[in-house]
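The values are calculated or read from the model by the stated rules, or taken from the named source; none is laboratory data. Please read all numbers here as calculations on a predicted model, not as lab measurements. Heads up, the Cβs are rebuilt from the backbone with ideal geometry, glycines too, and the neighbour counts pull from every protein chain shown. Side chains are part of the model used for accessible areas, which takes the heavy atoms of the whole protein and leaves out ligands, DNA and RNA. Shrake-Rupley method; radii C 1.70, N 1.55, O 1.52, S 1.80 Å.
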Amino acid sequence: MSAPADVLVADPSPARAGTRSGRRPEIEGLRAVAVLLVVIYHIWPRRVSGGVDVFLMLTGFLITGSLLRTVERRGRVEFGAFAARLSKRLLPPAALVLLGVLGGTLLWLPRTRWYDTLREVFASALYYENWSLATSAVDYLAAGSAASPVQHFWSLAIQGQFYLLWPPLLALVAVRRRWDPRMAFLGVMGLVFAGSLAYSVLRTAADQRWAYFDTGARLWELALGGMLAVALPYLRPSRAARVALGWIGLAALVSCGLLLQVSTVFPGYAALWPTGAGVMIIVAGVTGSAYGADRLLTLRPLMYVGKISYALYLWHWPIFVFYLTETGRTAASAKGIALILVVSFALAAVTTHLADRMTPRGTARSAVLGLACLLPVLATAAVWTVRLEDQAAEKGGIVPAPAMAARDRPQTYADGCNQVTQRDEVLTCRYGAANPSRTIALVGNSHAAHWFPALHRIADANGWQVVNLTKGACALSTDPQRYQGKAYPSCDRWQKGVMAELRRLKPDLLVTTATISSPFERGETLPAGYVRRWRQLGAMGIDVLAIRDTPRMSFDPPECVEVKGTEACVDDERRSLAAVSPAARLRRPPANVTFADFNHLLCPAERCRSVIGDLMVYSDKGHITATFMRSLAPAVEKEVRRALGS
């Protein structure tokens with residue numbers, strides 16, 4: 001969101017601007033509508049409105065207009081003054097909200113969410129939260145993570161990156177004195193718009209979850225606003241046309257989130273809907289007609305909401321997240337919605353007032369103040385993170401500490417050796433002896449991957465090698481697979497590459513999962529595609545150790561242990577596993593397959609415990625911690641040797 005003070009644009013016509021100063025009051029009203037849509041849609045009905053896209057367009061519009069006026073007056077871009085204006089307007093409110101989030105994290109979030117929240121606070125303060133979320137979006141194990149109280153900072157991060165890119169880009173154009181600045185700006189922004197929009201459409205079709213946070217896929221929205229700032233003085237439709245444009249734009253903006261599932265189809269060409277609506281409202285301007293949409297947009301209450309819109313956007317989401325956490329609800333009640341709105345508006349008003357009083361005169365002082373506001377945020381987040389890591393490393397208590405269990409993954413994840421769901425390249429990573437006496441291939445999905453720590457320990461002890469070939473949500477099977485209810489073609493392509501790699505590798509043993517545990521109606525299954533794949537491997541001369549899938553818990557074990565203690569965090573094995581493994585019921589199992597079942601070690605007496613001894617068993621509802629897996633190495637080695645015939 002742009003700072004409220006930046007409402008002057010390059011439109012010299014008083015009739016169009018509404019005042020002799022060139023101020024456009026309807027922009028504050030547009031801001032207000034956009035932020036109200038964002039807030040209301042986030043809280044209920046938990047959708048995305050398209051309002052953020054309007055803010056991105058407005059940022060391009062206002063910043064380009066400001067830079068263009070400077071170039072036309074001074075012949076250059078004044079980087080220092082530009083940075084000072086932005087820092088004094090944007091950083092103090094952001095810092096106040098982030099400090100509030102840190103306090104709310106301590107008060108209301110369980111310790112299991114502290115580390116990830118601190119990491120994202122750091123990313124938000126340094127304006128790279130969009131890339132942090134993009135990485136999480138393609139991280140299969142992070143897919144079910146609870147909402148972060150600062151995840152809405154992704155749009156501010158994109159704008160921050162835009163602020164770094166735009167002035168130098170336009171300064172390069174301004175160097176050519178013989179060029180008309182307006183036409184030169186328009187040409188450059190047209191190229192950015194076309195290139196970014198084309199990339200956005202392609203990237204959204206290929207990987208929408210990544211594209212949603214990708215600066216390159218969003219840059220066209222800002223460039224669209226920039227082109228509008230340059231072209232607006234030359235756009236002179238009649239008053240009747242402007243009245244129509246205003247109402248059409250407003251109706252389109254309000255209806256966007258109702259008619260489109262914004263969170264799953266944006267940015268791409270679909271984002272032309274809200275950005276185009278915003279463009280129409282700006283072109284309409286102040287019509288002077290009693291029937292114009294600007295009569296609504298310039299009402300004093302909306303103007304005030306527009307003034308505090310930046311702070312309101314910053315506050316509403318963490319207040320909502322803390323409310324859900326404290327109440328244990330998955331959606332806000334009617335009273336809860338009212339409470340969230342009242343608190344958000346009150347904090348936004350106070351924050352805007354404080355930020356306005358914190359704005360000194362002078363370029364250097366403004367820049368220093370803005371940057372200084374972030375220092376307490378960064379320092380607090382850094383010290384707190386180090387303390388959490390130190391506590392996790394200390395001896396005693398549960399290992400890993402519940403607060404750090406989600407990070408206790410196999411080493412292969414940190415090494416980038418587990419292929420993400422969106423890609424199909426086969427990643428082959430080798431661990432253990434350089435010249436091994438035995439080679440074990442670990443192949444399959446994340447439930448195969450979580451056996452890696454045990455296999456790695458076995459390989460190190462015996463001079464063997466483990467070759468990791470895993471991909472999120474992609475089991476070793478001949479069946480076409482699905483992910484999040486949709487076809488999963490990258491899995492099918494990856495499987496073909498894996499089979500080719502196995503023909504070349506010729507491992508002594510392949511380890512994979514034998515069944516699929518499920519808490520849903522179908523229960524535990526052994527897909528026919530698994531058996532067909534095992535027979536194909538047998539034809540290649542490869543023996544298989546097929547391990548029965550591990551149980552899935554009905555709650556998040558680390559969070560449960562943190563809040564309720566170990567004894568309360570126990571689940572029934574039969575919730576996600578059959579009474580008898582489907583593998584044991586196979587009439588003619590492939591001769592090359594040895595079956596193993598370790599669930600009696602996870603679920604003594606058919607009761608699955610979150611903590612066994614002093615070890616945290618689960619890192620989330622369905623995956624085993626690397627620490628606990630290493631403790632299973634002796635039992636796993638016994639079955640590996642049986643499968644190897646040694």
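Within the set of pairs 6 or more residues apart or between chains, which connect a residue that is part of a helix (DSSP H, G or I) inside region 113-128 to a residue that is acidic (Asp, Glu) and surrounded by fewer than 23 Cβ atoms within 10 Å (Cβ to Cβ) with Cβ atoms less than 6 Å apart?
none
Those residues that are of a type in the set (A, V, I, L, M), open to solvent by 20 Å² or more (accessible area, probe 1.4 Å) and more than 32 Å from the chain's Cα centre (by Cα), I need them from region 569-592; list them, please. Spell out the reasoning first.
The first filter runs over region 569-592 and keeps only residues of a type in the set (A, V, I, L, M), leaving 570, 577-580, 583-584, 586, 591.
Imposing the further condition that a residue be open to solvent by 20 Å² or more (accessible area, probe 1.4 Å) reduces the set to 570, 578-580, 584, 586, 591.
Correct list: Ala578, Ala579, Val580, Ala584, Leu586, Ala591.
Of Leu324, Leu339, Leu375, which residue is open to solvent by 50 Å² or more (accessible area, probe 1.4 Å) and within 29 Å of His42 (Cβ to Cβ)?
Working: Leu324 fails: open to solvent by 50 Å² or more (accessible area, probe 1.4 Å); Leu375 fails: within 29 Å of His42 (Cβ to Cβ).
It is Leu339.
Just to be sure I understand, how many residues within region 556-568 are in a loop (DSSP other than H, G, I, E, B), free of Cβ contacts under 8 Å to residues at least 24 places away in the same chain and either open to solvent by 80 Å² or more (accessible area, probe 1.4 Å) or of a type in the set (D, E, K, R) (or both)?
To start, the set of residues in region 556-568 that are in a loop (DSSP other than H, G, I, E, B) comprises 556, 565-568.
Going one step further and asking which of them are free of Cβ contacts under 8 Å to residues at least 24 places away in the same chain, we end up with 565, 567-568.
Now narrow it down to the ones that are either open to solvent by 80 Å² or more (accessible area, probe 1.4 Å) or of a type in the set (D, E, K, R) (or both): 567.
So the answer is 1.
Looking only at region 594-620, filter to residues that are touching a residue at least 24 places away in the same chain (Cβ under 8 Å), open to solvent by 20 Å² or more (accessible area, probe 1.4 Å) and not in a loop (DSSP other than H, G, I, E, B); which one of those is farthest from Arg533 (Cα to Cα)?
Across region 594-620, the extreme among qualifying residues is Leu615.
Could you tell me whether Leu232 is open to solvent by less than 60 Å² (accessible area, probe 1.4 Å), touching an Asp or Glu at 6+ places or on another chain (Cβ under 7 Å) and in contact (Cβ under 8 Å) with a residue 12 or more places away in the chain? Let's see the steps before the verdict.
On the way: open to solvent by less than 60 Å² (accessible area, probe 1.4 Å): yes; touching an Asp or Glu at 6+ places or on another chain (Cβ under 7 Å): yes; in contact (Cβ under 8 Å) with a residue 12 or more places away in the chain: yes.
The answer is yes for Leu232.
Take region 449-483 and flag every residue that is assigned to a helix (DSSP H, G or I), buried (at least 23 other Cβ atoms within 10 Å of the Cβ) and free of Cβ contacts under 8 Å to residues at least 40 places away in the same chain.
Correct list: Ala449, Ala459.
Quick check: anything in region 265-288 more than 30 Å from Ala205 (Cα to Cα), of a type in the set (Ser, Thr, Tyr) and either open to solvent by 10 Å² or more (accessible area, probe 1.4 Å) or more than 28 Å from the chain's Cα centre (by Cα) (or both)?
yes
Which one of Ala231, Ala311, Ala251 is under 28 Å from Leu186 (Cβ atoms) and assigned to a helix (DSSP H, G or I)? Quick ask: steps written out before the conclusion?
On the way: Ala311 fails: under 28 Å from Leu186 (Cβ atoms); Ala251 fails: under 28 Å from Leu186 (Cβ atoms).
The conditions single out Ala231.
Evaluate the following for Thr513: is it in contact with a His (Cβ under 8 Å, 6 or more places away or on another chain) and either surrounded by 21 or more Cβ atoms within 10 Å (Cβ to Cβ) or closer than 20 Å to Lys638 by Cα (or both)? Give the steps one after another, and end with the answer.
Numbers: in contact with a His (Cβ under 8 Å, 6 or more places away or on another chain): yes; either surrounded by 21 or more Cβ atoms within 10 Å (Cβ to Cβ) or closer than 20 Å to Lys638 by Cα (or both): yes.
When the stated conditions are applied, Thr513 passes them.
Can you find, within region 133-184, the residue that is surrounded by the fewest Cβ atoms within 10 Å (Cβ to Cβ) among those that are part of a loop (DSSP other than H, G, I, E, B), in contact with an Asp or Glu (Cβ under 8 Å, 6 or more places away or on another chain) and modelled with pLDDT under 85?
Going through the qualifying residues, I end up with Gly144.
I'd like to know if region 427-446 contains one or more residues that are within 30 Å of Thr112 (Cα to Cα), over 24 Å from the mean Cα position of the chain (by Cα), small (Gly, Ala, Ser) and assigned to a helix (DSSP H, G or I).
Scanning region 427-446 turns up no residue that is within 30 Å of Thr112 (Cα to Cα), over 24 Å from the mean Cα position of the chain (by Cα), small (Gly, Ala, Ser) and assigned to a helix (DSSP H, G or I).
Of the numbered conditions (1) open to solvent by 30 Å² or more (accessible area, probe 1.4 Å); (2) out of contact with any Leu (no Cβ under 7 Å at 6 or more places or on another chain); (3) closer than 26 Å to Lys486 by Cα, Phe213 satisfies every one except a single condition; which is it?
Phe213 satisfies every listed condition except (2).
Within region 577-627, track down each residue that is closer than 30 Å to Arg111 by Cβ and of a type in the set (Lys, Arg).
Hits for region 577-627 are Arg607, Arg609, Lys621.
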